[in-house]
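Trainee: Before I ask anything, let me first share the structure, which is written out below as structure tokens.
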Amino acid sequence: MNVLVTGGSGKIGGYVLRELLAAGHTVSNYSQTAPFVEPVRHIDGDITDLERMRKACGDHEAIVHLAAVPGPGITTPERLMYVNDRGTYTVLEAAVGAGARKVIFGSSKEAMNTDYRRSDTRPRYFPVDEEHPAEPRNEYGISKLINEITCKRFTEAYGIQTISLRINHNWYLDRAGAEVAVRSGWSRDRTVEEQWEGYRRYIVDSDMGRSNLWTVTDARDAARAFRLAVENEAIGHEVFLINGADTCSLDETPTLGTRHYDDVPLRRPLTGFDSFVSTVKARKLLGYEPRYTWRESEFREWMEAQP
């Protein structure tokens, strides 16, 4: 399949490009910087430029839309909302105009919530799933939720397939992929070791992970979710939570739940290091099963070697 990836030059973008190429797809990248992945045709452009975006879509059957301002605090809230919301609308309009069959949108856990520690946004139940109320609390999460709604409306209006993947706390746990990721996107001033040190702190201090329910997704699993969405022909429009099977904590899940969220009811038992976020829907409809865990990774080997 001919696939156009917007933002393939970003941190997760390299993983997605490699995953699609390995599966035999013909891949082009639309971004303002060239990716560190070959062989990928690069198209320089801005996602808010409709004419250029329409030309880029060309004969592509599928668009994977990753390009965005990737979080709050990077630019002004007004600029973030413009780039993310106008950009996604432009990508969808260009895709429809070019006759593309599907758009796979890179959403985020923050479309649901920014910080579950807040008393007014505590989880309603565990494990959290796609039916849980979405209550974003910053401009980034709001933009992602708006983008998901826009995708749904384009499916209803034009019949184009749209799938939104809410990626939960992406981690780059293999050194080769992490080397590309830290040279890409918005984190070019960091080394792999600096990136991994941030992960290590998250793991050893369980309070740090409380805000996002200790979720973690290996970027290779996230990339595979995008490929599965590209290859799916049965879905009209859906939103999926994508994350790993376990938490990013040394404490077991029942211990974390009792310590931090003892008032939150369980809809099914959680044992061992089970994630507080469910991927059952993605498993049933996309065939997504997380394969990787930080507990068995090059990052873990590095972490164990630290003094």
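Trainee: Has segment 256-268 got any residue that is under 28 Å from Gly177 (Cα atoms), without any contact (Cβ under 8 Å) to a residue 60 or more places away in the chain and in a loop (DSSP other than H, G, I, E, B)?
Mentor: Narrowing segment 256-268 to residues under 28 Å from Gly177 (Cα atoms): none.
Taking every residue of segment 256-268 in turn, none turns out to be under 28 Å from Gly177 (Cα atoms), without any contact (Cβ under 8 Å) to a residue 60 or more places away in the chain and in a loop (DSSP other than H, G, I, E, B).
Trainee: So, in segment 240-252, how many residues would count as being surrounded by fewer than 22 Cβ atoms within 10 Å (Cβ to Cβ) and either of a type in the set (Val, Ile, Thr) or within 16 Å of the chain's Cα centre (by Cα) (or both)?
Mentor: The qualifying residues number 1.
Quick grid of which residues meet (1) over 19 Å from the mean Cα position of the chain (by Cα); (2) under 20 Å from Glu231 (Cβ atoms); (3) modelled with pLDDT of 95 or more; (4) loosely packed, with under 14 Cβ neighbours inside 10 Å:
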{"position": "Ile63", "(1), (2), (3), (4)": "no, yes, yes, no"}
{"position": "Ala67", "(1), (2), (3), (4)": "no, no, yes, no"}
{"position": "Gly71", "(1), (2), (3), (4)": "no, no, no, no"}
{"position": "Glu78", "(1), (2), (3), (4)": "yes, no, yes, yes"}
{"position": "Asn84", "(1), (2), (3), (4)": "no, no, yes, no"}
{"position": "Thr88", "(1), (2), (3), (4)": "no, no, yes, no"}
{"position": "Gly99", "(1), (2), (3), (4)": "yes, yes, yes, yes"}
{"position": "Lys102", "(1), (2), (3), (4)": "no, yes, yes, no"}
{"position": "Arg124", "(1), (2), (3), (4)": "yes, no, no, yes"}
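Trainee: Here's a follow-up. So Tyr82 ticks every box in (1) under 29 Å from Arg220 (Cβ atoms); (2) without any contact (Cβ under 8 Å) to a residue 40 or more places away in the chain but one. Which box is left unticked?
Mentor: (1)
Trainee: Restrict the check to segment 199-206 and report whether at least one residue is of a type in the set (Phe, Trp, Tyr), crowded, with 16+ Cβ neighbours inside 10 Å, touching a Gly at 6+ places or on another chain (Cβ under 7 Å) and under 23 Å from Val277 (Cα atoms).
Mentor: Yes, segment 199-206 contains at least one residue that is of a type in the set (Phe, Trp, Tyr), crowded, with 16+ Cβ neighbours inside 10 Å, touching a Gly at 6+ places or on another chain (Cβ under 7 Å) and under 23 Å from Val277 (Cα atoms).
Trainee: Let me ask you something else. Filter segment 255-294 down to the residues that are surrounded by fewer than 15 Cβ atoms within 10 Å (Cβ to Cβ) and farther than 28 Å from Glu231 by Cβ and list them by number.
Mentor: Scanning segment 255-294 gives Thr255, Thr258, Arg259, Asp262, Asp263, Pro265, Leu266, Arg267, Arg268, Pro269, Thr271, Gly272.
Trainee: Only one of (1) farther than 20 Å from Ala23 by Cβ; (2) surrounded by 15 or more Cβ atoms within 10 Å (Cβ to Cβ); (3) modelled with pLDDT of 95 or more fails for Gly236. Which number is that?
Mentor: Evaluating Gly236 over (1) farther than 20 Å from Ala23 by Cβ; (2) surrounded by 15 or more Cβ atoms within 10 Å (Cβ to Cβ); (3) modelled with pLDDT of 95 or more leaves (2) as the failure.
Trainee: In addition: State all residues of segment 1-34 that are surrounded by fewer than 24 Cβ atoms within 10 Å (Cβ to Cβ) and aliphatic (A, V, I, L, M); if no residue qualifies, say none.
Mentor: Met1, Leu21, Ala22, Ala23, Ala34
Trainee: Scan the helices (runs of 4 or more DSSP H) fully inside segment 112-228 and keep the ones with 3 or more residues being out of contact with any helix residue (DSSP H, G or I) (no Cβ under 8 Å at 6 or more places or on another chain).
Mentor: Where helices (runs of 4 or more DSSP H) fall fully within segment 112-228 and carry at least 3 residues being out of contact with any helix residue (DSSP H, G or I) (no Cβ under 8 Å at 6 or more places or on another chain), they are 139-158, 192-204.
Trainee: In addition: Report the residue count in segment 148-176 for those that are of a type in the set (S, T, N, Q) and more than 26 Å from Glu289 (Cβ to Cβ).
Mentor: At the first step, the residues of segment 148-176 found to be of a type in the set (S, T, N, Q) are 150, 155, 161-162, 164, 168, 170.
Adding the requirement that they be more than 26 Å from Glu289 (Cβ to Cβ) leaves 150.
Within segment 148-176, residues that are of a type in the set (S, T, N, Q) and more than 26 Å from Glu289 (Cβ to Cβ) number 1.
The values are calculated or read from the model by the stated rules, or taken from the named source; none is laboratory data. Fair warning: this is a prediction, and the values are worked out from it, not measured in the lab. Cβ coordinates were reconstructed from backbone atoms using ideal geometry, including for glycine residues, and neighbour counts include every protein chain displayed.
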